[in-house]
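Read-outs throughout are calculated quantities, based only on the coordinates presented, and are distinct from any laboratory measurement. Keep in mind that this is a model prediction, so the values were computed, not measured. Note that each Cβ is placed from the backbone with ideal geometry, even for glycine, and that neighbours are counted across all protein chains shown.
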Amino acid sequence: MEYVYAAMLLHSADRDISEDAVSSVLTAAGVEVDGGRIKALVASLGSVDIDEAMATAVAAPVASAAPSAATGGASTEAAPAEEEVAEKEAEEEAGGFEGLGSLFG
């Protein structure tokens, strides 16, 4: 995830997401750099409109965890709804970031 975070940091700072820039960010953060992963990340992001991908991404519903945490997880009614939400989030996460999953395999 550090590699994607480095790219997102560069993007938010309006910097070019290049191999050298990603490597510099990771080195500054104390991360051991893998040149192959950086090259794959930069190549994968070349065809992605990051602003559009971030705009269409759906944040995980934080409130859905609160009722189960408040009751100590004893509620059995919430379980099916949470599974459906998790499945839906997994489907939505796949959109817009095709190919990035292979970087972390």
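Between LEU9 and ASP49, 0.36 nm times their residue separation minus their Cα-Cα distance comes to what?
12.9 nm
Would you mind ranking LEU41, LEU9, LEU26 so that the residue whose beta carbon has the fewest other beta carbons within 10 Å leads the list?
By the 10 Å Cβ count, ascending, the order reads LEU9, LEU26, LEU41.
At a Förster distance of 25 Å, what's the computed FRET efficiency of ALA28 paired with THR56, Cβ-Cβ distance as r, to 0.05?
Between ALA28 and THR56 the formula returns 0.25.
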